[in-house]
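Quick notes on the structure that follows.
The values are calculated or read from the model by the stated rules, or taken from the named source; none is laboratory data. Nothing here was measured: the structure is a model prediction, and the numbers come from that model. Because the Cβ atoms are built from the backbone with ideal geometry, glycine has one as well, and the counts that use them run over all protein chains shown. Protein only, heavy atoms only, side chains kept; ligands, DNA and RNA dropped before computing areas. Shrake-Rupley method; radii C 1.70, N 1.55, O 1.52, S 1.80 Å.
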Amino acid sequence: MARATADATAAGLTGLVVAPGPDLVHLCGYRPTAITERLTALVLTAGREPALIVPRLERPDAEKAPGAPAVRLVDWTDGEDPYAAAVPLLEPAGRYGVSDNAWAMHLLGFQAALAGTRWTSLTQALPMLRAVKDDDELDRLAAAGGAADAAYRGILEVRFAGRRETDVAADLSALLIQYGHSQVDFTVVGSGPNGANPHHEAGDRVIEPGDTVVLDFGGLKDGYGSDTTRTVHVGADVPDEVRKVHGIVRRAQQTAFEAVRPGVSCQEIDRIARRVITEAGYGEYFIHRTGHGIGITTHEPPYLVEGEERPLVPGMCFSIEPGIYLPGRFGVRIEDIVTVTENGGRRLNNTPHELGIVA
């Protein structure tokens, strides 16, 4: 909270108003059991004690949050004006950053109570608020990555041919839970031509011998995300073009990983991966950015994309996931979560990158 307040001041803000969601969990550890129309918000202002506004009936839960000892709890009761409780915590003419996921009715309520205030989104004002992880966060992300790796090793033992994509997706979900995930966010199983859709939702297509299958899966373990992709082939008789395309993607992913080090811009990692694929003749088939940040949520800053000039710094965590997608035929993607160290990069996924062979 102190670091966020200092960052807000440096960005020209009077303070921050943080609604329930990932930012609130990150800053003070409070996760309401339900997000409702009742106003809940953390207010951070330089020179003032952090304050958490909560409905009175939810105060006992707020008092149990890890960050509760460091905040002043300000409660309000049904029938009262919650914004009246908030007014003393805010500067009448202040400029505040507000969580992107704040409800419109709450932001409008603040604006009505304090007509002189100005507001901007946290993503715009402080895009790196959660981007640099501390040692505890890195340990949790590594554990989540290890659990996803275990799920991948398990899925290689499962039969693919003759089963629906949804069947394999269900197996992946079960394996993620088995290895410690509390929440499964996605299980992409893109077989054959469906693999050419990077975010294909597993469907009823029956997987056939000779199919190339993209497996992209992840979720939350101990509050932090996993996200990994590997590409497999059903049967050992792999077409030459599948081997060729997989080799190009593997080289792009490795080359981009080797370029990770402090001071390199986010867009440079994207450029490096894209250059490998473009020079191999498949540039038009790499149709998404090279990576995204990960932490409490599976997609968050920084983004490895053209135009993002922000430099990498130690503690940042993000995916490196180049891909080639040939419409109507097949797709290939390889993805690891990577963290920036003082000397380069460290993978948090460590399963083999070669084309997996499944039955």
Percent accessible area from carbon and sulfur atoms, the chain, protein chains only, probe 1.4 Å: 50 percent
Loop-resident sites, the range 134-209, for trypsin sites (Lys or Arg not before Pro), counting at most 13 other Cβ within 10 Å (DSSP): R159
Distance from the range 40-59 to the range 258-303 (C-alpha centre basis), Å: 38 Å
Along each principal axis, Cα extent of the range 1-131, largest first, Å: 36, 31, 25
Under 15 Å, Cβ to Cβ, from S173 - net charge with Lys/Arg +1 and Asp/Glu -1: -4
Relative contact order [Cα under 8 Å, 6+ residues apart], the chain, whole percent: 15 percent
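Convex hull over the Cα atoms of the range 176-334, averaged projected area in nm²?
9.8 nm²
Taking a cut-off of 28 Å, what percent of all Cα-Cα pairs in the chain are separated by more than that? All intermediate terms of the calculation are to be shown ahead of the outcome.
Details: 31921 of 64261 pairs.
Across the chain, Cα pairs with separations above 28 Å total 50 percent.
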Largest-first principal axis extents, alpha carbons of the range 54-159, Å: 60, 33, 31
Of the trypsin sites (Lys or Arg not before Pro) in the range 45-100, those whose Cβ has at most 16 other Cβ within 10 Å and which sit in DSSP loop: R48, K64
